[in-house]
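The values are calculated or read from the model by the stated rules, or taken from the named source; none is laboratory data. In this text the structure is predicted, and so the values were computed from the model without any measurement. Cβ: placed from backbone, ideal geometry, glycine included. Neighbour counts: every protein chain shown.
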Amino acid sequence: MYQKECFVFQKDKSVLAKVRNYGEQDFQALIEVQKESFPPPFSSDLWWRKEQLISHIEHYPEGAFCVEVNNEIVGSMTALLINFDPLYPKHTWKEATGNGYINNHNPEGKTLYIVDIGIKPAFRQLDLGKLLMQSAYERVVHDKLDRVLGGGRMPGYDRHSDQLSPKQYIDKVLAGELRDPVITFLMRCGRMPVCLIADYLEDEESHNYGLLMEWKNPFQQTEKEDPDN
């Protein structure tokens, strides 16, 4: 199981944070994180339910992370292992995550797929999202996996949709001309774009689009598939 402590900073003030795997005793706190992290117009149907959280720790407890500050759970991240074919990257969130239950977790999979990551708004200045993402990278390196992968919401797109196509919006975000709350965060975490996916997730602000993004394990050499073979 995974556990670490480190200092994070709010301006010049140090704050002790703890990242660990979550368990059944944490479920109510995790549901509260979901409610605060994803307020309307994000669909409340996508907030974690107890039966989904039970499934997470049954199928892949190593991919169930939470972060505590002053003994309060203020953020979480869930992942599973999948097989990923870079030649056919497009999929939906439901397909990749078993509709949030991760019952399609493949113990032999070489890709760590991020199901979700959320931080309570009052704690977002502490860079706890980066801390959780770093924990995913550490899991990938420790287990000699190929990559971290996941679809990023693009909630800033709604403000620009009357002027820009989804691709034009993402191009501007990647170029640093626009800032998106999620995509820019993932870029700061070292994630790289793979492809834009329509109908990735029911998400009004993103117009149901998601940007698939990855972080490749720099210590793990993988053979590139030859499409002609």
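Observations on the structure shown:
- Residue check for Glu95: out of contact with any Gly (no Cβ under 6 Å at 6 or more places or on another chain) and within 24 Å of Glu68 (Cβ to Cβ): no
- When region 137-162 is filtered for residues that are small (Gly, Ala, Ser) and more than 20 Å from Asp85 (Cα to Cα), the ones remaining, listed by number, are Gly156, Ser161.
- Yes/no for Ile102 being in contact with a helix residue (DSSP H, G or I) (Cβ under 9 Å, 6 or more places away or on another chain), on the phi > 0 side of the Ramachandran plot and outside any helix (DSSP H, G or I): yes
- Residue within region 87-102 that is over 18 Å from Glu24 (Cβ atoms), in contact with an Asp or Glu (Cβ under 8 Å, 6 or more places away or on another chain), among the polar types (S, T, N, Q) and surrounded by fewer than 21 Cβ atoms within 10 Å (Cβ to Cβ) present: yes
- Note on region 33-50: residues that are touching a residue at least 24 places away in the same chain (Cβ under 8 Å), over 15 Å from Val182 (Cβ atoms) and part of a helix (DSSP H, G or I) total 4.
- If you go through region 125-170 and keep only what is within 19 Å of Arg188 (Cβ to Cβ) and among the hydrophobic types (A, V, I, L, M, F, W, C), you end up with Leu126, Leu128, Leu131, Leu132, Met133, Ala136, Val140, Val148, Leu149, Met154, Ile170.
- Cys195 fulfils the conditions (1) within 30 Å of Met1 (Cα to Cα); (2) touching a residue at least 12 places away in the same chain (Cβ under 8 Å) except for a single criterion, (1).
- Selection count where residues are surrounded by fewer than 20 Cβ atoms within 10 Å (Cβ to Cβ) and either in a loop (DSSP other than H, G, I, E, B) or in contact (Cβ under 8 Å) with a residue 60 or more places away in the chain (or both), scope region 54-68: 2
- Unmet requirement for Glu62, which otherwise passes all of (1) under 21 Å from Leu211 (Cα atoms); (2) modelled with pLDDT of 95 or more: (1)
- Within region 183-196, the set of residues being closer than 19 Å to Lys90 by Cβ, out of contact with any Asp or Glu (no Cβ under 8 Å at 6 or more places or on another chain) and buried (at least 17 other Cβ atoms within 10 Å of the Cβ) comprises Ile183, Leu186, Pro193, Leu196.
- Any strands (runs of 3 or more DSSP E) falling wholly within region 111-197 and containing at least 1 residues that are touching a Gly at 6+ places or on another chain (Cβ under 7 Å), closer than 30 Å to Glu72 by Cα and at pLDDT 95 or above: 111-119, 147-152
- Residues that are touching a helix residue (DSSP H, G or I) at 6+ places or on another chain (Cβ under 7 Å) and of a type in the set (A, V, I, L, M) were ranked within region 146-163; the one that is surrounded by the most Cβ atoms within 10 Å (Cβ to Cβ) is Met154.
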